[in-house]
1. For a label point 7 angstrom out from the Cα of L20 toward its Cβ, which stretches of segment 106-129 have the backbone nitrogen within less than 18 Å?
2. Pulled fully out, how much extra length does the chain show between R139 and R39, if you take 0.36 nm times their separation in residues and subtract their Cα-Cα distance?
3. So, R0 is 25 Å and r is the distance between the beta-carbons of K194 and L130; what FRET efficiency does that work out to, to 0.05?
4. Using a 10 Å cut-off on Cβ atoms, rank the peptides 53-59, 23-29, 159-165 from the highest mean neighbour count down.
5. Mind giving me the nanometre distance, one decimal, between the label points for L28 and Q12, set 7 Å out from Cα along Cα→Cβ?
6. Under 27 Å Cα-Cα from K179, which lysines qualify once same-chain neighbours fewer than 8 residues away are excluded?
7. Report ³J(HN,Hα) in whole Hz for each residue of segment 20-37, in order, from the Karplus equation J = 6.51 cos²θ - 1.76 cosθ + 1.60 where θ = phi - 60°; Gly and Pro get x.
8. Which distance in nm do the two modelled labels at K62 and M96 give, with both placed 7 Å along the Cα-to-Cβ direction?
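Values in this text are rule-based calculations from the coordinates and carry no lab data. Computed from a predicted structure; not experimentally measured. When we count neighbours, we look across all protein chains shown, and the Cβ atoms used for this are built from the backbone with ideal geometry, even at glycine.
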Amino acid sequence: MPEIIVEQYHLQRDIIMSVLVAGLSGLLIRYALSSVGQRWVRTYHHTLTFILLPIIALVITKVISGNLTLSIGMVGALSIVRFRNPVKNPFELVIMFSLLTIGIASGVSLKWAVLLLALVLLALVGARTLEKFYMLRNRPLFSLSFEEGMPAHLIETMSKQPVELLLRADALQNVQLDKSQDVYNYRLAYRTRKETDEMLQYLQGNPSIENVSVRYAGGEA
């Protein structure tokens, strides 16, 4: 009898540990993404998704483990569920798949779950550190994309003639020519406040510039 009680205690302890590892892993990945500038994860829905998704995957793994009939039934039941939420980019899909894998690994072997968590965090922090290293040398490692949730400082300006510096700028998003008024409209996006202010200073001193509009992002990239 005492052996059964001890076995049940260890089983319950392992389950609690697995749930904690799965939930905390999702939370750590969420905060790591937020710290590297991925603002799309800061919403209420994404935060809870990052916590609950690994735990749900863990529970499913525990329920169907060792039971072939139940496994087949669970696969059939889950196939009915359809997610209509569109994935914005492949990176978001990879993160969701990582969360599911961590949840599954937590139900099988905690060391694999912790290892995958460490690799994901290392990749996120490493890529951000490498990007900052290149930005210090004015050589951006990655191009700016508005679909990634990255903060971007925007400059919109107008001139009566082409501005060669703006046309050759890496930050140029688009340029529009209004032939009726012979006006050029430029739109530029920058990752950092420093780059934005430097361009703003140049535009203010350029006599061919008619007006300038600046919109600073809420966070610094």
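1. The answer is 106-115, 117-118, whose backbone nitrogens lie closer than 18 Å to the label point.
2. Numbers: separation 100, 0.36 × 100 = 36.00 nm, distance 2.32 nm.
Extra length from R139 to R39 when fully extended: 33.7 nm.
3. Details: r = 19 Å, r/R0 = 0.76.
Computed FRET efficiency for K194 and L130 comes out at 0.85.
4. On the way: 53-59: 21.4, 23-29: 19.4, 159-165: 13.0.
So the peptides 53-59, 23-29, 159-165, ranked by packing, come out 53-59, 23-29, 159-165.
5. That separation, rounded to one decimal, is 2.7 nm.
6. K179 reaches K160.
7. Per-residue couplings from phi come out as 5, 4, 5, x, 5, 4, x, 5, 5, 5, 4, 5, 5, 4, 5, 5, 9, x Hz.
8. Distance between label points: 2.5 nm.
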